[in-house]
Amino acid sequence: MLQFRNLGLFTKISIIILLILLGFFSLFTFLNFRQQRAFILAEAVEKARIVAFEAIRTREYLSGQLLEGGVELSKQRYGLVPVVASTRIGELVSRDIGYTIRQVSDRYRNANNAPDDFELRVLDLLRQRQDLQEHYDVVDMDGKKVFRYLHSFKADTSCLECHGDPGRAPDFIREMFPAETDKAYHYELGDAIGAASVSIPLDRLYRQVYANMGTDVLYSGGIFLALLIFLGALIRIAVTRPLARLGLVIREIIRTGRFDKKIPRGGMDEIGLLVDSFNELNDHLREKTEHLEESEKRFRVLTETARDGIVSFLSNGQIILFNRRAEKMFGYSKREIIGVSVEKLIHEECTSLQEVGITAYLKEEAGALVRSLHKVPGRKRDGSLFYLEVSLSVAESEGHLFYTAIVRERA
């Protein structure tokens, strides 16, 4: 966090925008993936539904043709049995398109039509819910995702020829599938006799999803990158560059002490108002500075031309002002005495000051010293004694006391 605070404004804003855009990009990618996956699932349902209906319609068509043509089934014509023919056609189609197409029943005759666990559960569900015609789900098969679809079909007249009353079944059917052991007899018209089962491996479909996602991510990433660059340029032009210019002018003012620099306004936005406020503040400070310089000039003229000595010092005795007359009286130059304790100007004869020190002395005696003139023993640079008439005043600035002594020599 501390490192982030130490970064430049443009870098901070760029990082924040980048994180926001990355968040939106991730959300967009996630939603797009879900949409693509939902589309693939819908496409799988539609494909499975078409394949299942093809298998069912093939069986129904063969049944109708056999009835219309009066074709008598036999052992030699076993391949024309509608469910057998439909199953074999489904096997051929499966080889071409890579899907698994079967007709399954929990009362099967052909072991190839035996349902697996998933199909058995769905057949039971379809039998319990007569209004339900289809069911689909995505399941794991041998470690792979597979789309499973089942569509029920009902027993019609042609089905009952082989699956109805065993006594009416063709001889070759009773011979191949004895009624005593076969469980595929005794269906009635409209019973759920089985289902068309379609299995579609999803790996190929998911590969297409990932390919589409890769393309979308590439395009979206390009758009987000262009947006980041555009926003970065906009922030640099509209925010950081004016602020940097403002910072340069402030540093120049601090370096030179001159308030004549102005920044041109770039617009009427918040940055423009800030620039206007800065220029107004600059003008105000320039006026104040000019007045202050003029006041200081008058003060220097007043103090330097005064006939009396003027010595200003802090409550700890540190001298901050020493005029020209005081230089002549004490023999010290400003350079020598500024910053030195005022005790250096008082002779040892003033024992009360020597005993307690200047700070305690001023705290105890300042009130009396301010109210009237006092005779004080002074000490010149060569250590000689001379007497001073002192008028003391006290003032406060920024919570600190400072004293000003008007001194003149006294015989």
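The values are calculated or read from the model by the stated rules, or taken from the named source; none is laboratory data. As the structure is a prediction and not an experimental result, all values here were calculated from the model. Reconstructed Cβ throughout: ideal geometry from the backbone, glycine too, with neighbour counts over all protein chains shown. The accessibility values were calculated without ligands, DNA or RNA, using every heavy atom of the protein model including side chains. Shrake-Rupley method; radii C 1.70, N 1.55, O 1.52, S 1.80 Å.
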Taking region 162-175 and the residues there that are free of Cβ contacts under 8 Å to residues at least 40 places away in the same chain and surrounded by fewer than 16 Cβ atoms within 10 Å (Cβ to Cβ), the one that is farthest from residue 63 (Cα to Cα) would be 167
Apart from one, (1) surrounded by 11 or more Cβ atoms within 10 Å (Cβ to Cβ); (2) more than 20 Å from residue 382 (Cβ to Cβ) all hold for residue 343; the odd one out is (2)
If we ask which residues in region 279-317 are under 19 Å from residue 397 (Cα atoms) and either in contact (Cβ under 8 Å) with a residue 24 or more places away in the chain or of a type in the set (A, V, I, L, M, F, W, C) (or both), their number turns out to be 11
Log entry, pairs with first residue in region 100-127 being under 15 Å from residue 88 (Cα atoms), second being of a type in the set (A, V, I, L, M) and in a loop (DSSP other than H, G, I, E, B), beta carbons closer than 9 Å, six or more apart or on different chains, reads 104/114; 109/184
Within region 349-379, of all residues that are closer than 20 Å to residue 410 by Cα and part of a loop (DSSP other than H, G, I, E, B), the one least open to solvent (accessible area, probe 1.4 Å) is 350
Subset of region 283-323, residues in a helix (DSSP H, G or I) and within 22 Å of residue 333 (Cβ to Cβ), comes to 296, 297, 299, 300, 301, 302, 303, 304, 305
Is it true that some residue in region 181-192 is part of a helix (DSSP H, G or I), modelled with pLDDT of 75 or more, of a type outside the set (Val, Ile, Thr) and open to solvent by less than 20 Å² (accessible area, probe 1.4 Å)? no
- Query: Just a yes or no: is a residue in region 361-370 closer than 26 Å to residue 336 by Cα, of a type in the set (A, V, I, L, M, F, W, C) and modelled with pLDDT of 85 or more?
  - Reply: no
Residue 391 meets each of (1) surrounded by 13 or more Cβ atoms within 10 Å (Cβ to Cβ); (2) assigned to a helix (DSSP H, G or I) with one exception, condition (2)
Counted residues in region 357-402 being under 60 Å from the mean Cα position of the chain (by Cα) and at negative phi come to 6
Out of (1) buried (at least 17 other Cβ atoms within 10 Å of the Cβ); (2) assigned to a loop (DSSP other than H, G, I, E, B), the one residue 178 does not meet is (1)
Condition first: modelled with pLDDT of 75 or more and farther than 30 Å from residue 232 by Cα. Can you find one or more residues in region 65-83 that meet it? no
Picked from region 141-158 (must be modelled with pLDDT under 85 and polar (S, T, N, Q)), the residue most open to solvent (accessible area, probe 1.4 Å) is 157
